[in-house]
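In what follows, a single structure is set out as structure tokens and then discussed.
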Amino acid sequence: MNKIKNKLRISFLAGLLMLIFSGLSAQTTMDEFLTKWNNGKQFTIDVLNKMPDSGMDYKTDPSAMSFKEQIHHIASSMVGISQGFLLGAEPGFSIDLKTATREELADYVAKSYDYATATMKALSPEQAGVVQNVFGFEVSRRQVMALLMDHSTHHRGAAIAYLRANGVEPPAFVGF
């Protein structure tokens, strides 16, 4: 009987320790996410500012987006996805990419990141956990936030390749 009690105690303690340690290795907090998100904002603007005017319309292939279209796509997608899937309000700003200057595009990028930041911060933990259909997948709003980060990184990486193809040294990566 004592052997059974000891095994139960050990099992209980092991379970309790697993719960405690799982809390210590929790997922990224919103503050941690937003710190990285804001680094991405500055990194995107730094990438934009590195490209000379002569490379703004550069394409790796006729069917590809140009450098400035890559940068614009990062910003416009975060606005559209935030508004469509993260309960974002009307952003109140836009840009005409055909006539936009580099400074206007940088301002649009900054405003888009700020809009997405405000939209994400406005979500309660319960709202962030709501699962919805996004592009054919059932995902939580937290997963949509991660999608925004991945999408931005993907297109910023393409823009960095455009810099290198034009002989421009990209800005240094900032991981945290």
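Can you tell me which residues in the stretch 133-171 are surrounded by 14 or more Cβ atoms within 10 Å (Cβ to Cβ), touching a residue at least 24 places away in the same chain (Cβ under 8 Å) and outside any helix (DSSP H, G or I)?
Selection gives Val134, Asn166, Val168, Pro170, Pro171.
Give the residues of the stretch 147-176 that are out of contact with any helix residue (DSSP H, G or I) (no Cβ under 8 Å at 6 or more places or on another chain) and either at pLDDT 95 or above or β-branched (Val, Ile, Thr) (or both), sorted by residue number.
Correct list: Asp150, His154, Gly157, Ala161, Arg164, Ala165, Gly167.
What do you reckon, is Lys59 touching a Leu at 6+ places or on another chain (Cβ under 7 Å), at pLDDT 95 or above, surrounded by 13 or more Cβ atoms within 10 Å (Cβ to Cβ) and not hydrophobic (A, V, I, L, M, F, W, C)?
So Lys59 does not fit the description; no.
In the list Glu126, Glu104, which residue meets the criterion of being surrounded by 12 or more Cβ atoms within 10 Å (Cβ to Cβ), of a type in the set (Asp, Glu) and free of Cβ contacts under 8 Å to residues at least 60 places away in the same chain?
Of the residues listed, the single one that is surrounded by 12 or more Cβ atoms within 10 Å (Cβ to Cβ), of a type in the set (Asp, Glu) and free of Cβ contacts under 8 Å to residues at least 60 places away in the same chain is Glu104.
The values are calculated or read from the model by the stated rules, or taken from the named source; none is laboratory data. Just so it is clear, the model here is predicted, and its values are computed rather than measured. Quick reminder, even Gly has a Cβ in these numbers, built from the backbone with ideal geometry, and neighbours come from all protein chains shown.
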